[in-house]
Amino acid sequence: MSPREAPMLPRGRPFNRLLLATEHSEFDAGSERVALAMGRRDGVPVVALLPVLSNPEYEVAAPQWVMHQEAVAASRLDDMAATATAAGVTWHAVVRRGPEMFKEIVDEARERASDLIIIRRRGRLSWLHRFLVGEMVGQVVGHAPCSVLVVPQQADVWSRHIVVAVDPTAPDTGAIQHAAAVAAGHGLPLTLLCAVVGSPAVAVGRLMDESLAQAQVLVPEAHSELLPLNGRETLTQAATRLGADLIVAGRQGHGGITGTRLGEDMQRLIGHADCAVLVTAGQPQTFRAT
């Protein structure tokens, strides 16, 4: 059976083909921890991709350095495999080399028909410290053929509360359904958050009512909040107040992704969140509109 022919999954498990993109550095600790927790909790395998920056000219000019890179990659893969085995997670690791690491990640996800890429928020800070989201991570989110879970270094898998950011002008049905499916599957509360400028218009209230009705198909006790303030940072503040440990947002809306580039609002949401942020693409397999 090919990946695209995989059967429908139980509620609460909208992802069954996980791709963890990692360099196994200290900055990848959160994404690795969450990927293993998802694999163990949901009983799904994890594919770990170690991208290596390289090109043919470089490999010819510096073969000794290439050999060193291969030894380092092998050591990292062995270490990750041992951790996965100890956690009881089915694990497969692969190394891809190329001049653009984000492209290797995106291509691997496309070839495997992955439905979720799990990745760190950013790597080592240098003169790029002003960026809230790492450049490679932003490119992965912008180009990914599937949903992407961006995980801060200290974050853990969700177990308390899930919130979904709703665009007041065009709610993303896929994001709402993903959030509801995960919340229902793990018995977690769900809140829909919508940041608006000034007093909410009647049209915004109607759209929020419709969005909430969608979520309540799976989570009857889900509720919504209108935040009459401007900017994505208000969403992260509300998420912290609610004790949320997963924020869900759609790829479109709120200036999320323009073409293949992260908008400023999406960067703020991901960059300021204390927890993992799931940027969804499409509809989850598990949602049932019954």
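The values are calculated or read from the model by the stated rules, or taken from the named source; none is laboratory data. Given the structure is predicted, the values throughout are model-derived calculations rather than measurements. Ideal geometry is used to build each Cβ from the backbone, glycine not excepted, and the neighbour counts take in all protein chains shown.
Against the condition at negative phi, assigned to a helix (DSSP H, G or I) and modelled with pLDDT under 90, how does residue 97 come out, does it pass?
No; evaluated as a whole, the condition is false for this residue.
What pairs come up if the first residue lies in region 145-164 and is within 18 Å of residue 281 (Cα to Cα), the second is polar (S, T, N, Q) and not in a strand (DSSP E or B), and their beta carbons are under 7 Å apart, counting only those six or more places apart or on different chains?
146/114; 151/31
Tell me, yes or no, whether region 146-163 has at least one residue that is among the aromatic types (Phe, Trp, Tyr) and within 20 Å of residue 250 (Cβ to Cβ).
yes
Between a first residue in region 29-43 that is in the same structural domain as residue 80 (by TED's automatic domain parsing) and a second residue that is part of a helix (DSSP H, G or I) and surrounded by fewer than 16 Cβ atoms within 10 Å (Cβ to Cβ), which pairs have beta carbons less than 8 Å apart while being 6 or more apart in sequence or on different chains?
As it stands, the answer is 32/83; 36/83; 36/87; 39/87; 40/87, since those pairs meet every condition given.
Does residue 146 qualify as being surrounded by 22 or more Cβ atoms within 10 Å (Cβ to Cβ) and touching a Leu at 6+ places or on another chain (Cβ under 8 Å)?
So residue 146 does not fit the description; no.
Filter region 148-166 down to the residues that are part of a loop (DSSP other than H, G, I, E, B) and hydrophobic (A, V, I, L, M, F, W, C), then identify the one that is farthest from residue 216 (Cα to Cα).
That would be 155.
Can you pull out every residue in region 217-275 that is β-branched (Val, Ile, Thr), surrounded by fewer than 18 Cβ atoms within 10 Å (Cβ to Cβ), modelled with pLDDT of 75 or more and part of a loop (DSSP other than H, G, I, E, B)?
Passing the criteria: only 217.
For region 172-199, enumerate the residues that are of a type outside the set (A, V, I, L, M) and either assigned to a strand (DSSP E or B) or within 15 Å of residue 269 (Cβ to Cβ) (or both).
172, 191, 194 - these are the residues of region 172-199 that are of a type outside the set (A, V, I, L, M) and either assigned to a strand (DSSP E or B) or within 15 Å of residue 269 (Cβ to Cβ) (or both).
What residue, among those in region 160-171 that are of a type outside the set (Val, Ile, Thr) and closer than 18 Å to residue 276 by Cβ, is surrounded by the most Cβ atoms within 10 Å (Cβ to Cβ)?
Top of the filtered list is 165.
Consider residue 169 carefully, then state whether it is of a type in the set (Ser, Thr, Tyr), modelled with pLDDT of 95 or more and not in a helix (DSSP H, G or I).
no
Among residues belonging to region 180-205 that are surrounded by 21 or more Cβ atoms within 10 Å (Cβ to Cβ) and in contact with a helix residue (DSSP H, G or I) (Cβ under 7 Å, 6 or more places away or on another chain), point out the one that is modelled with the lowest pLDDT.
195
Quick check, is residue 162 touching a Pro at 6+ places or on another chain (Cβ under 8 Å) and modelled with pLDDT of 90 or more?
yes
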